[in-house]
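Engineer: Below are the structure tokens for one structure; questions will follow.
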Amino acid sequence: MNIAILGVGTVGEAVAKILLQNKKLIAARCGEEIVPVIGVVRNLNKKRDAAILLTDDIDSVIKRDDIDVFVELMGGVEEPFRVVSQILERKKAVVTANKALLAYHRYALQNLAQNTPFGFEASVAGGIPIIRALREGLSANHILSINGILNGTSNYILTSMMSKGSNFADALKKAQELGYAEADPTFDVGGFDAAHKLLILASIAYGVHGNPEDILIEGIEGITPEDIFFANDFEYVIKLLAIAKKTGEKVELRVHPALVPKDKMIAKTDGVTNAVSVVGDAVGETMFYGPGAGGPATASSVISDLIDIARDGKSPMLGYKAPFELNALELLDPSEIRTKYYFRLRVEDKVGVLAKITNLMSENNLSIDSLLQKPKDESPYATLFFTTHTSVEKDVRRTMEILQEQEFVKEKPFMMRIEE
Ligand code: HSE
């Protein structure tokens, strides 16, 4: 399947790179290779690290018959609408990450597309597959609410201000350097980017037809160090929330900063991470969490749409159309597992017991990380607790067996793995 990438910036470069890096895996999953044939840029002189041939002639690229799917990553609204409309009129498939385009023209595009594939997984919450989750996985539900952190840049800024005391301008600059921010970052900090994404989710959930101008949008620009101080002191965090809530027979859509109690799950969403809570009448609350911006994470969603199109919308049951030797991995023998371990031992409380245990452990390659003896109670026995550095399961099991045979061990030793 041949693709053209219209707009080769942070995301476009990542799409071309990942298609190359994961070529064999992707071919096995969709039954054919996905080939990035040509990329379109505005300025051919700008230095970039693109694994794709480049041109600045968009009009000739969109007329090419040898391209099967056009990936629109240009940004903006009216120019991509013109371009994508022409592509759809030619019945060629489109994949886009452009939330502003969809916030204004999603229904016109749906009318134009009809049965032509149109993927937009990357338009909301970067690498989180929230479009598929809402459109397919939760399709049995009346959606009662959607509550999300949908802008990585604002969340990055707010997290830096709250946890490091950074100032707004420095945190924004860093987010821009990391490739999270929009070309015009007022879209991020002003709440508009989150509003575009909220409209897309709310269209799937409720069929709403509004434009960004129709909903309440407030950004994070007005937040001062005093607000941060108050929030910290009163056990809140400040988050830019995008909320869709069914209220009677209406739906309220709003984007604004809010104080959220620190112990809420959404409050623990830090940095560029996005989180979306969706409440359905049948399922209850579901929570989606992951990287909301950045080249590779967004490219992951773009490519998932490309794979879906290559599969003709019909995924094979276990995800592979062709055998993939590299992915057909053998199972690791459980005795070879490596992790950290915790032991609880009930032992006789007498001279030399601890020394014998630690000797036994070292003879069996177990290195102790921490050790505690519970203060003595009325029983004649003591309880010992150990944790180990990373060890191999077979050494741990052998040690447990040896320990159990010792006459000073009074109960079957207990072990748990520590997963950090
Ligand atoms: N600027 C956006 C963000 C990128 O910060 O979330 C992903 O849409």
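Engineer: Compute, for residue 120, the solvent-accessible surface of its heavy atoms (probe 1.4 Å) with the complete set of protein chains present, and express it in square angstrom to the nearest 10.
Structural biologist: Looks like 40 Å² after rounding.
Engineer: Cα centroids of the stretch 299-378 and the stretch 238-263: how far apart, whole angstrom?
Structural biologist: 39 Å
Engineer: Quote the accessible area belonging to residue 288 in square angstrom, nearest 10, computed with a 1.4 Å probe and with ligands, DNA and RNA left uncounted.
Structural biologist: 50 Å²
Engineer: Could you list which residues have their amide H under 5 Å from that of residue 144, counting only those 5 or more apart in sequence or on another chain, with H placed in the peptide plane?
Structural biologist: Under 5 Å from the amide H of residue 144 lie the amide H atoms of 279, 280, 281, each far enough along the sequence or on another chain.
Engineer: Using only helices, what value at 222 nm comes out for the chain when you add -39,500 (n - 2.57) per DSSP H run of length 4 or more and divide by the total residues, to the nearest 500 deg cm²/dmol?
Structural biologist: Numbers: 13 runs with 142 residues, N = 420.
It comes out at -10000 deg cm²/dmol, rounded to the nearest 500.
Engineer: May I ask you to rank 196, 142, 389, 105 by accessible area, largest first, using a 1.4 Å probe over the protein chains only?
Structural biologist: Numbers: 196 5, 142 120, 389 80, 105 30 Å².
Listed by decreasing accessible area, they come as 142, 389, 105, 196.
Engineer: Run the simple label-point estimate for residue 214 and residue 379 please: 7 Å along Cα→C-beta, distance reported in nm.
Structural biologist: 6.8 nm
Engineer: Just add up the charged neighbours of residue 159: K/R +1, D/E -1, any other residue whose Cβ is under 14 Å from the Cβ of residue 159. Could the numbers behind the result be given before it?
Structural biologist: Details: positive: 164, 174, 239, 262, 268; negative: 170, 188, 270.
Around residue 159, the surrounding residues sum to +2.
Engineer: Right, next: Please find the FRET efficiency linking residue 358 to residue 25, where r is the Cβ-Cβ separation and R0 is fixed at 45 Å, and quote it to the nearest 0.05.
Structural biologist: Numbers: r = 46 Å, r/R0 = 1.03.
Taking R0 as 45 Å, the efficiency between residue 358 and residue 25 is 0.45.
Engineer: While we're on this one: For the chain, find the longest principal axis of its Cα atoms and tell me its angle to the long axis of helix 99-113, 0 to 90°, nearest 10.
Structural biologist: Helix 99-113 sits at roughly 60 degrees to that axis.
Engineer: If you find the alpha carbon centre of the stretch 146-189 and of the stretch 23-100, how far apart are they in angstrom?
Structural biologist: Their Cα centres are 28 Å away from one another.
Engineer: Still on this structure, I have one more. When DSSP beta bridges are limited to those with both residues in the stretch 2-127, what percentage is antiparallel, rounded to the nearest 5? List each step's numbers first, then the result.
Structural biologist: Working: 0 of 17 bridges.
Antiparallel: roughly 0 percent of the beta bridges in the stretch 2-127.
Engineer: Would you mind telling me which residue in 63, 321, 376 has the biggest mean-square fluctuation in a Gaussian network model of the chain, where springs connect alpha carbons within a distance under 10 angstrom?
Structural biologist: Top of the fluctuation ranking is 376.
Engineer: Where nothing but the Cβ of Lys and Arg (+1) and of Asp and Glu (-1) is charged, how large is the charge dipole of the stretch 2-127 around its Cα centre, in debye to the nearest 20? All intermediate terms of the calculation are to be shown ahead of the outcome.
Structural biologist: On the way: 16 positive and 15 negative charges, 47 e Å.
The dipole magnitude comes to about 220 debye.
Engineer: Can you tell me which of 264-274, 91-101 comes out highest on packing, and rank the rest after it, using the mean Cβ neighbours within 10 Å? If you can, show how the numbers build up before the last one.
Structural biologist: On the way: 264-274: 18.5, 91-101: 23.3.
Highest-to-lowest ranking by the protection proxy: 91-101, 264-274.
Engineer: Under a 10 Å cutoff between Cα atoms, tell me which one of 135, 338, 82 has the largest fluctuation in the Gaussian network model of the chain.
Structural biologist: 338
The values are calculated or read from the model by the stated rules, or taken from the named source; none is laboratory data. Since the structure is predicted, the reported quantities are computational estimates derived from the model, not experimental observations. Note: ideal-geometry Cβ built from the backbone for every residue, glycine included; neighbour counts use all protein chains shown. These accessible areas exclude ligands, DNA and RNA; they are computed on the full protein's heavy atoms, side chains included. Shrake-Rupley method; radii C 1.70, N 1.55, O 1.52, S 1.80 Å.
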